[in-house]
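This report refers to the structure that appears directly beneath it.
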Amino acid sequence: MTANAGPATDATAAAQADAPAEATQVLVLNSGSSSVKYQLLDMADSTRLATGLVERIGEETSRVTHAPLATGGAKREREQPIADHEEALRAVTEELTADGLGLDSPKLAAIGHRVVHGGQRFSGPTVIDREVLAEIERLIPVAPLHNPANITGIRTAMGLRPDLPQVAVFDTAFHTTMPEHAARYALDVETADAHRIRRYGFHGTSHAYVSRETAKLLGRDVTDVNVIVLHLGNGASASAVEGGRCVDTSMGLTPLEGLVMGTRSGDIDPAVTFHLRRVAGMSVDEVDELLNKKSGLIGLCGDNDMREIGRRMGEGDRAAQLAFEIYVHRLRKYVGAYTAVLGRVDAVAFTAGVGENSAAVREASMRGLGALGIELDAVRNSVRGSSARLISADTSRVAVAVVPTDEELEIATQTYALVSA
Ligand SMILES: Nc1ncnc2c1ncn2[C@@H]1O[C@H](COP(=O)(O)OP(=O)(O)O)[C@@H](O)[C@H]1O
Ligand SMILES: CC(=O)OP(=O)(O)O
Ligand SMILES: [Mg+2]
């Protein structure tokens, strides 16, 4: 899980006892294809009360990790079979209830849900009603790994607290500002429009948060700075942000396009698809599975965890080395492309699991970019840390930064702003 280091602080038992009785808490659910990440925050003072993760849902044994921050208690971890997202949500509720923070609490103001695909319609946080839910369902074909899990999270939460506002915060929302020339593919216009084929972009909540935090780190107003954000987690995407508005991003109709990811190929010649159909007799579903689940780092070297790849490289493993080089080469191409798109770049910001933790990826992707005004400082880059920091040399024209993302805090902030307005 990505390290959290935003403005939210962990609550102490004392702070909790003093908390006001009014409804100022927001539960955030980030339901992924095989995991649920959750956080309970008190928005009155931006404290995190509890945070946790249910992983390996649907596998033989799943794991629940819960950090009861409000009570200051020790982190709890248990393994048990969890068949689906409904059961996962039940486990989340049990953990929170054990801390006296159950979903029945009158202090809960809303539940905020990460929803990956919102199509063109949703450009901001939205209270979920039956019609909004139907639209999220309609978008399943373009986010098959993500939207179904988000929907189960929403339905389960609605069942538990039908009286509370359930708010959707869409990955696509931040990217709705992209100009038409960046969002539209060079496809036959009628076909594209009939099937709403365009670049939507994802991880927008993170790109929005990180671009703002980068401006803060530089001591400048977000409307004055141009930032290239590199969100490198399991899924990975780049975006070009001009004065706080997204003008281009690497993911497209679905979260498959762009950078090399843990299990996804990113950019390929679309003809690979029909070639495999014709010469290998693969079905559309098989190619879909190949590109989304068996490609990227795992397809190249059998591992999708950058830590393991680094370890293997240290042992002289050629496949791991090549996978790393392909990953980094793609990143460099996007940095070059977005430099051209923005014209003037003030900062490059690395975020998410790989971006925040892998000095090797940052070093290799920024190496030799002096012509673009990018110079890394080797010592600053190698120092580990959990807060936003500069890693560029003092002589670098472009600031390079590590800026931890906090999608859950951003979702809670947007959710609370909507329901308390
Ligand atoms: N210390 C580290 N060094 C290199 N990579 C790391 C490190 N810690 C985590 N990662 C990478 O971060 C990835 C997960 O990133 P994260 O942002 O949590 O992903 P997601 O939210 O998409 O599940 C892991 O696959 C792993 O490769
Ligand atoms: C949209 C997307 O790729 O999300 P994640 O990185 O959580 O898989
Ligand atoms: Mg993520």
Has the range 373-391 got at least one residue that is of a type in the set (S, T, Y), more than 16 Å from ligand 2 (Cβ to nearest atom), over 26 Å from A323 (Cα atoms) and more than 24 Å from the chain's Cα centre (by Cα)? no
Does M282 fit the bill of being in contact with a Gly (Cβ under 8 Å, 6 or more places away or on another chain) and of a type in the set (A, V, I, L, M)? no
Between D104, D84, which is in contact with a Gly (Cβ under 9 Å, 6 or more places away or on another chain), surrounded by fewer than 19 Cβ atoms within 10 Å (Cβ to Cβ) and within 17 Å of M158 (Cα to Cα)? D84
What is the residue count in the range 101-125 for residues that are within 16 Å of ligand 3 (Cβ to nearest atom) and not in a loop (DSSP other than H, G, I, E, B)? 4
Any idea how many residues of the range 155-169 are surrounded by 21 or more Cβ atoms within 10 Å (Cβ to Cβ) and modelled with pLDDT of 95 or more? 4
Evaluation of A236 against (1) small (G, A, S); (2) over 26 Å from L372 (Cα atoms); (3) within 16 Å of ligand 3 (Cβ to nearest atom) (one fails), failing number: (2)
Within the range 345-421, helices (runs of 4 or more DSSP H) holding 3 or more residues that are in contact (Cβ under 8 Å) with a residue 60 or more places away in the chain: 352-357, 407-419
Residue list for the range 258-315, filter: of a type in the set (S, T, Y) and touching a Leu at 6+ places or on another chain (Cβ under 7 Å): S265
Among R330, R367, the single one that is of a type in the set (K, R) and either touching a Phe, Trp or Tyr at 6+ places or on another chain (Cβ under 7 Å) or surrounded by 16 or more Cβ atoms within 10 Å (Cβ to Cβ) (or both) is R330
Of all helices (runs of 4 or more DSSP H) completely enclosed by the range 155-249, which ones contain at least 1 residues that are within 21 Å of the chain's Cα centre (by Cα)? 180-183, 204-218
List pairs: first residue in the range 207-221 and within 15 Å of V348 (Cβ to Cβ), second residue open to solvent by 10 Å² or more (accessible area, probe 1.4 Å) and in a helix (DSSP H, G or I) anywhere in the structure, Cβ distance under 8 angstrom, at least six positions apart or on different chains. H207/F174; S211/V222; A215/V222; A215/D224
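The values are calculated or read from the model by the stated rules, or taken from the named source; none is laboratory data. Keep in mind it's a predicted model, so treat the numbers as computed, not measured. Reconstructed Cβ throughout: ideal geometry from the backbone, glycine too, with neighbour counts over all protein chains shown. Each accessible area value is taken on the protein alone, full model and side chains, heavy atoms only, with ligands, DNA and RNA left out. Shrake-Rupley method; radii C 1.70, N 1.55, O 1.52, S 1.80 Å.
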